[in-house]
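*Asks:* Structure below; questions to follow.
The values are calculated or read from the model by the stated rules, or taken from the named source; none is laboratory data. Computed from a predicted model, the values in this text were never measured in an experiment. Ideal geometry is used to build each Cβ from the backbone, glycine not excepted, and the neighbour counts take in all protein chains shown.
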Amino acid sequence: MTSEPQNTNPSSTTNQSKAQPDSLFSALSGVEQQLQVIRQAYEQHEVWKKQTAETESALSQREKALRSLEEKLSHDQSEFEKRRLTVDADLEALATTESQLKEREADLQQRLKSIEKQRSEVGAQRTELERSRAELDARTARLSEENRSLRKAREAAAEEINTLQSHIADLEGQVAELRTRGEALSGQLLSQAESDSALSDRCEMQTNQISELRESLAQAHDALTQLEESRAKDQTQANNVGNELKAAQERISALKADLSKVRLELETVRRDGPAVEDHLKSLHDQIAQAEERAGNSAVELDRVSDENTRLRKHAEQLEQDYDSLQQALEQRTTTRSSESTSLRRERLNRVRRALNSKHEKLNQATELLRDRYEQAEKILYQRDAVKKAKKEVAALQERLAQRAARSKSFAFVFYFVAMLGILAGISWTVANKFIPQQYVATSLLAAESRGRTLTDTDLANWQRYHNSLALSPEFIEFAATRMARKGYESLSKPGELSVYLDKSLDIRSPLDGTIEFELVGEGSARTADILNTFVSAFQTRANQARELRTDGAATIVKKQPIAADAPIHDSRPVYAAGIFGGTAILATLIGVVLWRRLSKAAIAADSDINSELRVIERGLPEWEQSLPNAA
């Protein structure tokens with residue numbers, strides 16, 4: 001009875017031994033399929049790793065371009081500061097030039113006053129000469145009355161009169177020379193005004209240079225926008241890489257599930273030693289491939305390390321299971337030889353060495369990832385510094401804009417006041433030139449007895465003769481020759497002189513033996529000079545006819561021709577005010593139109609720059625937030 005059970009046990013063991021290889025083959029085929037899946041995942045991971053490296057190189061290039069652009073912006077800022085300093089220096093030079101012009105204007109005013117004084121002195125000298133000439137005429141008349149034989153002396157006196165007239169002409173030439181000097185001084189004033197216009201042109205050139213600097217700054221902002229667009233593209237690539245990393249994480253989780261399945265399968269085949277060794281080798285290969293798929297990403301490093309620790313623990317557990325299985329197999333398979341046991345131990349040692357080498361490689365990859373992560377942190381720190389520098393540059397630009405606005409306001413006030421002064425001067429000059437004032441000059445002539453008493457009849461005859469002489473054509477012709485000699489071409493013809501005297505000359509006789517002339521003309525000096533010439537000719541002609549008259553009285557100038565200090569009616573201020581008001585309104589309207597156009601253009605340019613800066617400020621933080629994910 002005991003022998004039958006002993007016969008049945010060997011048959012059952014043989015059946016079990018036949019079933020075990022079938023299960024091992026099926027497990028090996030499943031493991032091979034898993035290995036193929038792992039290989040495909042590893043290849044995809046290598047592709048992702050290459051893409052990540054390319055993305056990192058592109059990011060480094062973008063960083064270099066950004067740094068170069070920042071350097072260029074700082075250089076442009078320094079150039080703008082230099083240009084601003086030159087503009088300030090030019091404004092100071094303009095201020096000094098303005099003070100110099102004011103000093104020159106004061107000097108010219110003093111010179112003009114001295115010239116006016118000299119001209120008045122020359123006029124006084126001329127009147128004195130005219131007076132002396134009248135005295136000489138009286139002397140010649142007296143000499144002709146006393147002795148007709150002294151005609152030669154009278155002719156000599158006439159020659160002396162001619163010399164005096166030539167001297168008067170010389171004096172008039174000096175007066176003309178003084179007038180030319182005054183015109184030269186006015187030309188100097190005009191040249192100084194032209195130099196002021198040149199300075200204004202220079203200021204316009206400085207404003208054009210500032211506008212060119214603004215255009216270069218706008219171009220720099222355009223380059224920044226292009227960089228931001230490229231950064232956005234890099235960000236999308238980084239997001240794609242992040243999605244791929246998420247897919248890799250999902251595959252790793254799938255591998256974890258596969259490992260759990262393999263663990264269950266290993267529990268079913270614990271008693272098979274060689275199959276367990278092969279399975280351990282496949283697991284170690286999977287672990288190595290999973291470690292290699294970790295790549296160079298700083299974000300995946302922690303996850304891969306956690307997975308590595310889990311796999312390592314699982315491998316240790318499998319080794320423990322293998323040791324327990326090995327002990328069980330040693331107990332149950334005592335018939336196996338010691339050679340197969342040593343071979344198995346060598347295989348296990350090789351597996352352990354392979355695991356240790358993979359672990360060392362994983363540690364090296366971890367250190368490399370840490371180094372790259374530190375480099376990424378440094379880059380982010382540099383980006384923060386660049387943002388701070390941008391803010392400082394923006395603040396500096398705002399301060400410069402405020403200073404430019406102040407300088408522009410000061411320049412506007414200065415140019416506006418200067419424009420008003422120039423318009424006032426031009427208005428007064430035009431009114432003074434084209435609207436001459438009417439002045440009154442008077443002169444009084446009287447009869448002189450020359451040592452005898454004149455009767456009323458003599459005075460009446462003298463009065464009647466002189467009244468008729470003033471209107472006689474012969475005297476008008478004689479006076480016209482005197483006017484031509486003095487340079488009054490418009491009065492050198494008798495007809496023109498007669499018309500002028502009819503309109504402007506008033507003859508009165510306050511008392512018998514006196515005659516008063518009152519002339520109304522343009523300009524104080526000119527009116528007095530014309531009346532002086534007329535009175536001198538009248539006196540000469542009257543004294544020449546003295547011998548032919550019954551009264552025998554001489555004619556003397558009792559009151560020299562003198563013009564009034566004030567005009568009859570000064571309308572120059574009214575016309576000057578009207579011209580000044582019209583030109584000021586016209587200049588103000590033109591200035592307002594130009595200012596509005598320039599303001600609109602400046603506001604449009606500033607709005608474009610501000611919009612670009614806002615786009616840049618909105619784009620930079622998103623790009624910086626995408627950098628750690630891309631890293």
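*Asks:* Only one of (1) assigned to a helix (DSSP H, G or I); (2) among the aromatic types (Phe, Trp, Tyr); (3) closer than 22 Å to GLU130 by Cα fails for PHE517. Which number is that?
*Replies:* Every listed condition holds for PHE517 apart from (1).
*Asks:* Regarding SER449, is this residue over 60 Å from the mean Cα position of the chain (by Cα), closer than 24 Å to ALA134 by Cα and loosely packed, with under 14 Cβ neighbours inside 10 Å?
*Replies:* Taking the combined requirement at face value, the residue does not satisfy it.
*Asks:* Select from the range 487-524 the residues that are surrounded by fewer than 19 Cβ atoms within 10 Å (Cβ to Cβ), touching a residue at least 40 places away in the same chain (Cβ under 8 Å) and touching a Ser or Thr at 6+ places or on another chain (Cβ under 7 Å) and list them in ascending order.
*Replies:* GLU516, GLU518, VAL520
*Asks:* Checking the structure you have, find out if any residue of the range 424-431 is among the polar types (S, T, N, Q), modelled with pLDDT of 80 or more, within 29 Å of SER99 (Cβ to Cβ) and touching a helix residue (DSSP H, G or I) at 6+ places or on another chain (Cβ under 7 Å).
*Replies:* So far as the range 424-431 goes, yes, one or more of its residues are among the polar types (S, T, N, Q), modelled with pLDDT of 80 or more, within 29 Å of SER99 (Cβ to Cβ) and touching a helix residue (DSSP H, G or I) at 6+ places or on another chain (Cβ under 7 Å).
*Asks:* Also, quick follow-up: Within the range 521-540, is there a residue that is out of contact with any Asp or Glu (no Cβ under 8 Å at 6 or more places or on another chain) and part of a strand (DSSP E or B)?
*Replies:* Checked against the condition, which is being out of contact with any Asp or Glu (no Cβ under 8 Å at 6 or more places or on another chain) and part of a strand (DSSP E or B), the range 521-540 yields at least one hit.
*Asks:* Within the set of pairs 6 or more residues apart or between chains, which connect a residue that is within 16 Å of LYS49 (Cβ to Cβ) and of a type in the set (A, V, I, L, M, F, W, C) inside the range 363-375 to a residue that is part of a helix (DSSP H, G or I) and at pLDDT below 80 with Cβ atoms less than 7 Å apart?
*Replies:* Close Cβ pairs (under 7 Å, with a partner that is part of a helix (DSSP H, G or I) and at pLDDT below 80) amount to LEU369/ALA298; LEU369/LEU301.
*Asks:* Hey, any hits in the range 598-605 for a residue that's within 20 Å of SER409 (Cβ to Cβ), surrounded by 10 or more Cβ atoms within 10 Å (Cβ to Cβ) and at pLDDT 85 or above? It would help to see each step written out before you state the result.
*Replies:* Pass one, the range 598-605, residues within 20 Å of SER409 (Cβ to Cβ): 598-603, 605.
Retained after the next criterion (residues that are surrounded by 10 or more Cβ atoms within 10 Å (Cβ to Cβ)): 598-603, 605.
Subsequent filtering for residues that are at pLDDT 85 or above retains none.
No; the residues of the range 598-605 include none that is within 20 Å of SER409 (Cβ to Cβ), surrounded by 10 or more Cβ atoms within 10 Å (Cβ to Cβ) and at pLDDT 85 or above.
*Asks:* Checking THR527 against (1) at pLDDT below 90; (2) crowded, with 19+ Cβ neighbours inside 10 Å; (3) more than 60 Å from the chain's Cα centre (by Cα); (4) not small (Gly, Ala, Ser), only one condition comes out false. Which one?
*Replies:* THR527 satisfies every listed condition except (3).
*Asks:* How many residues are buried (at least 16 other Cβ atoms within 10 Å of the Cβ) and in contact (Cβ under 8 Å) with a residue 24 or more places away in the chain when one looks only at the range 452-486?
*Replies:* Residues of the range 452-486 that are buried (at least 16 other Cβ atoms within 10 Å of the Cβ), as a first pass: 454, 458-459, 461-463, 465-466, 469-470, 475-476, 478-480, 482-483, 486.
Checking the rest, the ones that are also in contact (Cβ under 8 Å) with a residue 24 or more places away in the chain come to 454, 458-459, 461-463, 465-466, 469-470, 475-476, 478-479, 482-483, 486.
Total satisfying the criteria: 17.
*Asks:* Next question, about the same structure. Would you mention how many residues in the range 532-565 are surrounded by fewer than 19 Cβ atoms within 10 Å (Cβ to Cβ), over 26 Å from GLY487 (Cβ atoms) and touching a residue at least 24 places away in the same chain (Cβ under 8 Å)?
*Replies:* The qualifying residues number 7.
*Asks:* Go through the range 40-62 and count every residue that is of a type in the set (Lys, Arg) and surrounded by 13 or more Cβ atoms within 10 Å (Cβ to Cβ).
*Replies:* Qualifying residue count, the range 40-62: 2.
*Asks:* Could you tell me whether GLU103 is surrounded by 11 or more Cβ atoms within 10 Å (Cβ to Cβ) and in a helix (DSSP H, G or I)?
*Replies:* No: the conditions fail for GLU103.
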